[in-house]
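This report refers to the structure that appears directly beneath it.
Since every read-out is calculated from the coordinates, none of them should be taken as a lab result. As the structure is a prediction and not an experimental result, all values here were calculated from the model. Cβ sites come from the backbone with ideal geometry, for glycine too, and all protein chains shown count toward neighbours.
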Amino acid sequence: MADVFTPEKRSEVMSRIRGRDTKPELALRSMLHRLGYRFTVNGPKNKSLPGKPDLVLPKFRTVIFVHGCFWHGHQHCPAFRLPKSSRAFWKTKIEGNQARDLRNENALLKMS
């Protein structure tokens, strides 16, 4: 099936996908805060950590990444489906994201 949007409209739609303060991130922050956990979101050290974690719990030396199922290709997840159009592009893109996630995870583990 062809894309229902023109290339210009598709570009506009994709440009509106947020990289931070997403609904899942806000829900997780709210839950953690209610449970009494304190964390940083934009702390000075957050940006220097590999992968730029979404949340950092300094007291527990813990970082949290909120990864979307589509962008990170979560296996066995009903929310992940490789698009039918431009499959080669998306396969390469998502595999690159997964490789980067693994590199960041390994770098964080070496820091501990």
Between T22 and R87, what is the spin-label point distance in nm, taking each point 7 Å from the Cα along the Cα→C-beta axis?
-> 2.5
Longest segment of the chain with no chymotrypsin sites (Phe, Trp or Tyr not before Pro) in a DSSP loop having at most 15 other Cβ atoms within 10 Å?
-> 81-112
Determine the calculated [θ] at 222 nm for the chain from helices alone, applying -39500 (n - 2.57) to every DSSP H run no shorter than 4 residues and normalising by the residue count; nearest 500 deg cm²/dmol.
-> -14000 deg cm²/dmol
Could you go through segment 86-98 in sequence order and give the Karplus-derived ³J(HN,Hα) for each residue, using 6.51 cos²θ - 1.76 cosθ + 1.60 with θ = phi - 60°, rounded to whole Hz, and x for Gly and Pro?
-> 6, 4, 4, 4, 5, 4, 4, 4, 5, 5, x, 4, 5
Choice from G36, G96, G68 with maximal GNM fluctuation in the chain (Cα, 10 Å cutoff) | G36
Under a Gaussian network model of the chain whose springs join Cα atoms within less than 10 Å, the largest fluctuation of I17, I64, I94 belongs to I17
Per residue and in cubic angstrom, what volume does the convex hull of the Cα atoms of segment 18-111 have?
-> 122
Going residue by residue through segment 45-57, the Karplus relation 6.51 cos²θ - 1.76 cosθ + 1.60 with θ = phi - 60° gives ³J(HN,Hα) values, rounded to whole Hz and with x marking Gly or Pro, of 7, 4, 6, 8, 7, x, x, 6, x, 6, 9, 10, 9
Spatially proximal lysines relative to K23 (Cα-Cα < 27 Å; intrachain offsets below 8 disregarded) = K9, K45, K47, K52, K59, K84, K91, K93
